[in-house]
Every structure is written in C-alpha cells, then in structure tokens.
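K.L.:
What follows is a single structure, and I will ask about it in a moment.
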Amino acid sequence: MLSRVAERLYWFGRYLERTENTARLISVYSNLVLDLPKVGFVWESLVNITGFDAQFKQRFSTATERNVVKFMFDDPACSLRACAGSARENSRTTRDLMPNEAWEKMNELHYLLKPDLSGRINRSGRHEFLSQIIDLCLELTGYLSGSMSRKEPYYFITLGRNVERADMTTRVIDVACLNLMGRQAEFDEQDNILWMGVLQSLNAYQMYRQQVQDRINGPEVVAFLLKDPAFPRSVNHCLAEVASSFKHLPRHQPALKAVNRAKRAIARAVTAELLQTQSLHDFIDQAQADISTTHNKLSQTWFLS
C-alpha cells in the first residue's frame, strides 16, 4: 500500500470519529443547558474540549449558546461541516478500498451538512439534526466493520478512529475535572447531573451504571473513562485497539513501543490520589502527549517513509 493511501485512510477514520464526537457533544451540552440553566460555564467548556479556543475568539467575543453552536456547525477549520468534508475527501480518494455502501453514507452525511446551517442553530430541530448526523456516522462505521476485510486498509481506519477516541476522551475528562472538582458541597446535586452529562457525551452512561452500581461521582467516572478495559471509548480500551492494529502492520515496533508506554501510564494511575492532590490535569496533559507521540511514531513509520 502506498504511504499516501494509508495516510488518507487513517485521517478518514479520525475525521469520521471527530464528526460523530462533535455532534454528540453539542447534543449533550444542549440538554445540560435545559437541566441546569444557571450553570454558566457549559458552552465555554464545549469550546475548550475542541481545543480551538483561539479560533473561536477570533470570530466571537462571548461564548453564548448561539455563538458556540454556530462555530461548531460551520467554522471552516473545526466544525461538523469541516470534519465531515475532510472525511469525505479522504474517502473519495480511497473509495475503491471501502464498501460501496460506506461511500454512499459518506455522501449522505456530506450533503446533510452542505446547505446553510443557520436554521439549525436554534434549539427547535437541533436535536433531530444532530441525531441524523450521529446515526449516519454509526451506519458508516457499521458498514466498515461488517464488510471490510481485515487487511491493511481496515487497520489504518481503525487506528484513526481509536487515536481520535482516546484523544477526545482525555479532553472531556480534563475539561470536566477543571470545572467540577473541588466545587462547594451545595452543588452536589448539580454535580451529579453534570457528571452524567460527561458520561452521556461519550455514550458511556448505561455501561457505567452496569459497571459501577452506585451513585454517579467524579472519581468513579474518571476511573471508568480512563481505565475500563471493556468500554470501547475508555482511553485504556482505545490504546489497546491501537496496539492490536499495529501488530497487523509491518515495521510496527517503534509505534507499538510508544502506545505500550501510554497504556502502562494509564494502568499505573491511581485516580483517587490524582483527584485528591489536584494533579489530574497534569496527568491528562501527559496522557495527551503520549497519544501525540503514538501518532507521530505512526506517521513517521508509515506516512513519511
């Protein structure tokens, strides 16, 4: 396989996952505003999770609901439209390696997001619109999972999906903890709803309740999202999937070493101690650096050679 083809497949996986994640975040944060209208940091937090704070401030002076949703819908660099467009372009040039149904679903997603989205910014109809995006992403992922041979093209897409998932999960945990840990006791009831929102933003609420049969609390949520080996959006599980995909590709040793280092760091973490000592933010920064190192090793091995 040509290195440029492998790279396009990898970035297709990343951008498709990013599109789904962004739609989930907007939907969950819209519901949080209805449940907790007096919590002021909700929309600013959504911008922080994306990591595009500077780009947002260039366009808007305040992080109101309308400004943030407009930014997330149509910004040329990081919006739903931009991510879906990048996913489509990468799949267009590699479509002969994918099932035809996947390309058809990719086009459906592209044309859903192509028109003027200003009418979707208001709350009326926003939930249905976002649900359509999420459903199309899931259908597309299902076609890839159910119809692609387990060969190099499939594994590069899987790498992109899981690197992106691990990165997004660490971002959600980081922003949630910066906002929620150490709040005063009178906010306990609000915190329960906010931590539920954190789980829902990663589609993790039901699986968390099955695993942790107790009231929702910050330390348990963080431990579940970081370390659970069975939940497909936990950082631990995503890194394990990355390591497994590496083993199916040639010359994988440097990249495999990098992801194994990241996995060991997650396994050694004692989340209760990190939360008590207020050092979770530094730990998440290091985890994100480890994920970035894994991406760089992957790129050096297969895309730049």
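Every number here is computed from the coordinates shown, using simple stated rules; none is lab data. In this text, all values refer to a predicted model and were calculated from it rather than measured experimentally. Positions of Cβ are backbone-derived with ideal geometry, glycine not excepted, and every protein chain shown enters the neighbour counts.
K.L.:
Name the aspartates and glutamates eligible as straight-distance cross-link partners of Lys263: C-alpha to C-alpha under 20 Å, and not fewer than 8 places from it in the same chain.
P.N.:
Answer for Lys263, where 20 Å is the Cα cut-off: Glu164, Asp167, Asp174, Glu220, Asp228, Glu241, Glu273, Asp282, Asp285, Asp290, listed by chain and number.
K.L.:
Scan [x] 5, 20, 20, 13, 10, 9, 7, 7, 6, 2, 0; [y] 6, 27, 34, 25, 7, 0; [z] 5, 22, 28, 21, 14, 7, 1, 0 for the value of P(r) over Cα pairs in 10 Å bins from 0, in percent calculated from this model and give just the label.
P.N.:
Working out P(r) over Cα pairs in 10 Å bins from 0, in percent from the coordinates points to [y].
K.L.:
Can you tell which of Trp43, Ala82, Gly125 lies farthest toward the positive end of the dipole of segment 17-146, using +1 and -1 charges on the Cβ of basic and acidic side chains (Lys, Arg; Asp, Glu)?
P.N.:
It is Trp43.
K.L.:
Determine the alpha carbon to alpha carbon distance for each of Lys114/Lys297; Lys151/Lys257; Lys57/Lys114; Lys114/Lys257; Lys151/Lys297 and list only those over 30 Å.
P.N.:
Lys114/Lys297; Lys114/Lys257
K.L.:
Here is a further query. In a Gaussian network model over the chain where Cα atoms closer than 10 Å are linked, find which of Ala54, Ala289, Ala23 has the largest mean-square fluctuation.
P.N.:
Highest fluctuation of the listed residues: Ala54.
K.L.:
Output needed for segment 149-305: three equivalent-ellipsoid semi-axes, defined as square roots of 5 times the C-alpha gyration tensor eigenvalues, in descending order, whole Å.
P.N.:
Output for segment 149-305: semi-axes of 31, 16, 12 Å.
K.L.:
Per-residue ellipticity at 222 nm for the chain, helices alone: DSSP H runs ≥ 4 residues times -39500 (n - 2.57), over residue total, nearest 500 deg cm²/dmol?
P.N.:
Computed ellipticity for the chain at 222 nm equals -23500 deg cm²/dmol.
K.L.:
Rank Asp74, Asp290, Asp116 by mean-square fluctuation in a GNM of the chain with C-alpha springs under 10 angstrom and give only the top-ranked residue.
P.N.:
Asp116
K.L.:
I'd like the distance between the alpha-carbon centres of segment 101-166 and segment 202-237, rounded to an integer number of Å.
P.N.:
Rounded to whole Å, the Cα centres lie 24 Å apart.
K.L.:
Listed highest first by mean packing, meaning other Cβ atoms within 10 Å per residue, what order do 63-71, 219-227, 272-280, 233-241 come in?
P.N.:
233-241, 219-227, 63-71, 272-280
K.L.:
Please give me, ordered by residue number, the trypsin sites (Lys or Arg not before Pro) of segment 88-188 that lie in loop per DSSP and have at most 16 other Cβ atoms within 10 Å.
P.N.:
Arg123, Arg150, Lys151, Arg183
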